[in-house]
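Take a look at the structure set out below.
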């Protein structure tokens, strides 16, 4: 889970989208409303037959795998799930059956809604993928473009808004069924 670098919405699934000359992590709302192009990243499929436990930290063992904050859910977890399913040649129904969950859980996860930790573990096990990445301190995150000068969010917004199509204003005409003189009075 991450934060959208355009609108600032937190706790949403993000995808790398090309804005101007930079790739920003954007939510699906910003991608759809601004018509951004999503950058495709190759996903790593881990073929590991030995069972290991990802549960670490100070909390109760087996309850929450995020207690230590050494790893966090990848921002593109939904893409990893979808790509991993396609690489395995499985439909959403097949994956739901193998994980023993409802198909709605699969659909929501592939659309960017964060599932429960136990469900994330099932995804990793069933698809042989890793959905967690090393935690990055939030204070060190910087948005920049390919040139040496730094780029701000307002710069990205200006570039995108310049590319959007302006609609011509509609000519105001007479509406049907409406009197020009206003309300009628009875005499």
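Quick notes on this structure:
- Stretched out straight at 0.36 nm per residue, the stretch from residue 169 to residue 125 would grow longer than its current Cα-Cα span by 10.3 nm.
- Using the average count of surrounding beta-carbon atoms within 10 Å as a protection proxy, the listed peptides 73-79, 91-97 rank, highest first, as 73-79, 91-97.
- Length released on extending from residue 37 to residue 158, taking residue separation times 0.36 nm less the Cα-Cα span: 41.9 nm
- Our estimate of slack between residue 21 and residue 9, defined as 0.36 nm per intervening residue step minus the Cα-Cα distance, is 2.1 nm.
Readers should treat all values here as calculations from the given coordinates under stated rules, not as data from a laboratory. Given the structure is predicted, the values throughout are model-derived calculations rather than measurements. Don't worry about glycine lacking a Cβ; one is built from the backbone with ideal geometry, like all the others, and counts go over all protein chains shown.
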